[in-house]
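> Mind having a look at this structure? Questions to follow.
The values are calculated or read from the model by the stated rules, or taken from the named source; none is laboratory data. Just so it is clear, the structure is predicted and the values come from calculations on it, not from any experiment. Here the Cβ positions follow ideal geometry from the backbone for every residue, glycine too, while neighbour counts run over all protein chains shown. Protein only, heavy atoms only, side chains kept; ligands, DNA and RNA dropped before computing areas. Shrake-Rupley method; radii C 1.70, N 1.55, O 1.52, S 1.80 Å.
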Amino acid sequence: MSDAIRGAVPVVASVLAGHLKVPVVWGEFDTASTIGGTIKLPDMPLKGSALARYVYGYIVHEAGHIRFTDFEAFSVSCLDPRLKILVNFMEDPRIEAGMCRLYAGAMIFLNDMQAALFEDGKLGVYDEALPLVEQVIAWVFWRSNVDLMQYTCLVELAQRQQRLVQRLLPEKMYRQLDCALARLRSANSTGDVVKIGQDILNTLGVETSAGQP
């Protein structure tokens, strides 16, 4: 990766995040991440358009977390690993949608990143052998991204997973989960997302160890 890219990324991240300075650290990370300040990016042995698909998308995404994620509220979900996964899966498209409202061109970079992740097999696979709670979590992931961001690469997976969840659950329980997920479209905060995640797990009869956001 060129020094020019490494030098430009913190400047772009600061502008997108609306902060004076956003440090960017490169290293042997599994994926990009932030806890509200520094952005961590994985070293990527890519070049040209392949590198751009990941770097630009990651920066838009992580800057979105800095702008829109309430990390104190998110920490509530971290007390329970299942809730943390659910909240993360729903919070990601929520903040991405927020970035697209601020920056019209953001969708181009996010779409490219999702397509690259999908092509590289990093967005999950359909698996009917998973336990019930994991089936619902997979449905939440794919459906949330389709509902809020319209990622075309995930439409078929979301539809297949929804049909599977409908078969596995009593109709009343499925309807409750469907209504909880529908609330994500109008969620205005990380706290709203945490509450939706808690309601999903409670509907499944899973008690969470997390408190109220």
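> Tell me the per residue accessible area of segment 19-107 using a 1.4 Å probe; a whole number in Å² is fine. If you can, show how the numbers build up before the last one.
On the way: 4400 Å² over 89 residues.
Averaged over the residues of segment 19-107, the accessible area is 49 Å².
> Can you list residues from other chains, or at least 5 along the same chain, whose modelled amide H is less than 5 Å from the amide H of TRP26?
LEU41
> With a 1.4 Å probe and all protein chains kept in place, how do THR152, THR208 rank by accessible area, largest first?
Working: THR152 115, THR208 35 Å².
Listed by decreasing accessible area, they come as THR152, THR208.
> How long is the gain from GLU134 to ILE108 if the chain were fully straight, where each residue apart is worth 0.36 nm and the alpha carbon distance is subtracted? Don't skip to the end; give the middle numbers.
Numbers: separation 26, 0.36 × 26 = 9.36 nm, distance 3.05 nm.
That works out to 6.3 nm of additional length.
> Calculate, for LYS122 and GLN150, the FRET efficiency according to 1/(1 + (r/R0)^6) with r their C-beta to C-beta distance and R0 22 Å; round to the nearest 0.05. List each step's numbers first, then the result.
Numbers: r = 19 Å, r/R0 = 0.87.
Computed FRET efficiency for LYS122 and GLN150: 0.70.
> Additional query: Ignoring ligands, DNA and RNA, what percent of the 1.4 Å accessible area of the chain is carbon and sulfur? The partial results should precede the final answer.
Values: 5900 of 10750 Å².
Ligands and nucleic acids excluded, carbon and sulfur reach 55 percent.
> Among all the lysines, which ones have a C-alpha under 29 Å from LYS172's C-alpha, if same-chain residues fewer than 8 places away are not counted?
List returned: LYS84, LYS195.
> Multiply the residue gap between ARG183 and LEU79 by 0.36 nm, knock off their C-alpha separation, and tell me the result in nm, one decimal place. Can you show the working numbers first?
Working: separation 104, 0.36 × 104 = 37.44 nm, distance 2.28 nm.
Full-extension gain reported as 35.2 nm.
> If you don't mind, there's one more thing I want to ask. Ordering ARG67, ARG185, ARG175 by how much accessible area each has at a 1.4 Å probe, largest first, what is the list?
Working: ARG67 95, ARG185 145, ARG175 115 Å².
The residues order as ARG185, ARG175, ARG67, largest area first.
> Going by accessible area, probe 1.4 Å, with all protein chains left in place, what is the ranking of TRP26, TRP142, largest first?
On the way: TRP26 45, TRP142 5 Å².
Result, largest first: TRP26, TRP142.
> Mind pulling the angle between the C-alpha long axis of helix 3-17 and the longest principal axis of the chain? Nearest 10 degrees, somewhere in 0 to 90.
50
> So how exposed is LEU181, as accessible area in Å² (1.4 Å probe, rounded to 10)?
10
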